[in-house]
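To start, the structure under review is shown below, and the notes come after it.
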Amino acid sequence: MSQYWSKVVHALTPYVPGEQPKINNLIKLNTNENPYPPSPLALAAIREAVSEDLRLYPDPNADQLKQTIAAYYQLSPQQVFVGNSSDEVLAHVFLALLKHEQPILFPDITYSFYPVYCGLYQIAYQTIRLQDDFSLHIADYQRPNGGIIFPNPNAPTGRLLALAEIENLLCANRDSVVVIDEAYVDFGGTSAIALVDQFPNLLVVQTLSKSRSLAGLRVGLAIGHPDLIAALERVKNSFNSYPLDRLALAGAVAAFKDDAYFKQTCAAVIASRTELVAQLEQLGFEVLPSSANFVLIRHPAHDAKQIQDYLRSKSIIVRHFTQARIDQHLRVTIGNDAQCASLIVALRDFLQGH
Ligand SMILES: *Cc1c(COP(=O)(O)O)cnc(C)c1O
């Protein structure tokens, strides 16, 4: 605390990201990174972009990337917004589209950055309790609101809401923006991008951090009606004209063009998830049905923090949330098969010793 701080800073409760340890050789299953490297074509494009052209500013409008994404999803570039990570895109979404008289709505168990943005931009919100099985019921969202946002699949539960349910929600909620955060949709969901031409109040947010193995590059995007995109452009151009640097633009374009590699790595993660879930259940863990690259698990007979500490002593890190309702769960990122096997060995040892 300091007398020099702006008043708003005193009241902030910042987001706390999962640990990025400085130690080597850890099995890192705590922040939902992809276990596979980025597309070799993306890496080649980034290397190629390392040139004397770095003295020049990048394209402030990221036209080539927008065209690439638009072509990929069969949209027009006016329906595409890009930013330096989906967290940054989400920040602009909260200010540009979710700050109204009525409180916005999101689930009680969800991405913990949402309340942080509400604090930063002084946006009123109301959390809606997920069902006891952590499923989301769209009927619970039928009340006056300044906007609705949730991830699909939800985080950190991994549970997927069917596209037909999102369509029902949009039919019942036409007066405010509905934001679907699809950070994990490529691991088993169906994108709501299919609905953007039908619903001018739908905004879909995606990231290259998870399914495209580019968390280090920081590229996110939003898809929606050109009027929604125009609001995001206004905020972006009031904040930073060049959020995507030359390396990020080059890598992101190439990543979208290497669809074969993308599909292959997503399929590998999904196959590992199926196998890991079966083995966890054999060990007595309860595993929430996941359509993401992580699983939320709980052992009925053992304390979550104790399991986490044991895994850490075996150089495996997983995420534990202290929030009520999930403080006895652990969120485990799907690693490659060797990492999943090491996890299972460590958990089996823990259960035999306790
Ligand atoms: C990981 C994640 C993001 C952020 O992704 P970045 O593009 O890396 O900032 C956004 N929303 C959810 C639900 C996430 O899990």
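The values are calculated or read from the model by the stated rules, or taken from the named source; none is laboratory data. Computed from a predicted model, the values in this text were never measured in an experiment. Positions of Cβ are generated from backbone atoms using ideal geometry, with glycine treated the same way; all protein chains shown enter the neighbour counts. Only protein heavy atoms, including side chains, enter the accessible area calculation; ligands, DNA and RNA are left aside. Shrake-Rupley method; radii C 1.70, N 1.55, O 1.52, S 1.80 Å.
List of remarks:
- Normalised by the number of residues in the stretch 64-173, the mean separation of alpha-carbon contacts (under 8 Å, six or more apart) gives a relative contact order of 24 percent.
- For the stretch 1-93, the square roots a ≥ b ≥ c of the C-alpha gyration tensor eigenvalues yield an a/c of 1.5 or more together with a/b not exceeding b/c, which makes the shape oblate.
- Quotient of the Cα radius of gyration of the stretch 176-292 and 2.2 N^0.38 Å, N being its number of residues: 1.28.
- Relative contact order (%) - the chain, alpha-carbon pairs under 8 angstrom, separation at least six: 24 percent
- Using R0 = 56 Å, the C-beta based FRET efficiency linking residue 263 and residue 309 works out to 0.90.
- Most mobile listed residue (245, 133, 337) in the chain, GNM with C-alpha springs under 10 Å: 133
- Kirkwood hydrodynamic radius (C-alpha pairs) into Stokes-Einstein, the stretch 274-325, 37 °C and 0.692 mPa s, D in µm²/s: 274 µm²/s
- For the set 274, 333, solvent exposure ranked by accessible area (probe 1.4 Å, protein chains only) runs largest to smallest as 274, 333.
- The stretch 30-107: chymotrypsin sites (Phe, Trp or Tyr not before Pro) falling in loop per DSSP and having at most 15 other Cβ within 10 Å: none
- The chain, helix-only ellipticity at 222 nm - DSSP H runs n ≥ 4, -39,500 (n - 2.57), divided by all residues, nearest 500: -11500 deg cm²/dmol
- Simple label model, 7 Å out from Cα along Cβ direction - residue 56 to residue 351, nm: 5.9 nm
- Placing 10, 100 in order of accessible area, with the largest value first and a 1.4 Å probe, yields 100, 10.
- Accessible area per residue for the stretch 40-259 is 41 Å², calculated with a 1.4 Å probe on protein heavy atoms, without ligands, DNA or RNA.
- 3J(HN,Hα) along the stretch 256-269: 5, 7, 9, 5, 5, 5, 4, 5, 5, 6, 4, 4, 5, 5 Hz, from the Karplus curve 6.51 cos²θ - 1.76 cosθ + 1.60 with θ = phi - 60°, whole Hz, x for Gly and Pro.
- Computed Kirkwood radius, in angstrom, where 1/r is averaged over Cα pairs of the chain: 21.3 Å
- With eigenvalues of the C-alpha gyration tensor scaled by 5 and rooted, the stretch 212-354, Å: 37, 19, 14
- Label-point gap, in nm, between residue 5 and residue 100 - each point 7 angstrom along Cα→Cβ: 3.2 nm
- Applying both filters, DSSP loop and at most 13 other Cβ atoms within 10 Å, to the trypsin sites (Lys or Arg not before Pro) of the stretch 56-143 gives 129.
- Taking amide H atoms as placed 1.01 Å from N in the peptide plane, the amide H of residue 128 lies under 5 Å from those of 106, 108, each 5 or more residues away in sequence or on another chain.
- Separation in nanometres of the label points that stand 7 Å from Cα toward Cβ, at residue 70 and residue 197: 1.5 nm
- GNM result for the chain, Cα springs below 10 Å: residue of 80, 178, 235 fluctuating most strongly: 235
- Greater than 27 Å apart at Cα, pairs in 99/236; 236/263; 66/263: 236/263
- GluC sites (Glu not before Pro) within the stretch 24-133: DSSP coil, no more than 14 neighbouring Cβ in 10 Å: 101
- With a Förster radius of 35 Å applied to the C-beta separation of residue 174 and residue 48, the computed FRET efficiency comes to 0.15.
- Sequence-separation-based contact order of the stretch 153-205, relative, with Cα cut under 8 Å and 6+ spacing, percent: 41 percent
- The HN-Hα couplings worked out from phi for the stretch 328-341 by the Karplus form 6.51 cos²θ - 1.76 cosθ + 1.60 (θ = phi - 60°) are 10, 10, 10, 9, 10, 6, 6, x, 6, 5, 5, 5, 4, 5 Hz, whole numbers, x standing for Gly and Pro.
- Cα-based values for the stretch 47-157, radius of gyration first and Dmax second, are 18.0, 57 Å.
- Charge tally around residue 85: other residues with Cβ under 15 Å, Lys/Arg +1 each, Asp/Glu -1 each, net -2.
- Length added when fully stretched, residue 143-residue 336, from 0.36 nm per residue minus Cα-Cα: 65.2 nm
- Residues in the stretch 227-248 that a label on residue 12 would reach, taking backbone N under 16 Å of a point 7 Å out along Cα→Cβ: 239-240
- GNM on the chain, alpha-carbon springs under 10 angstrom: the most fluctuating residue among 239, 199, 113 is 239.
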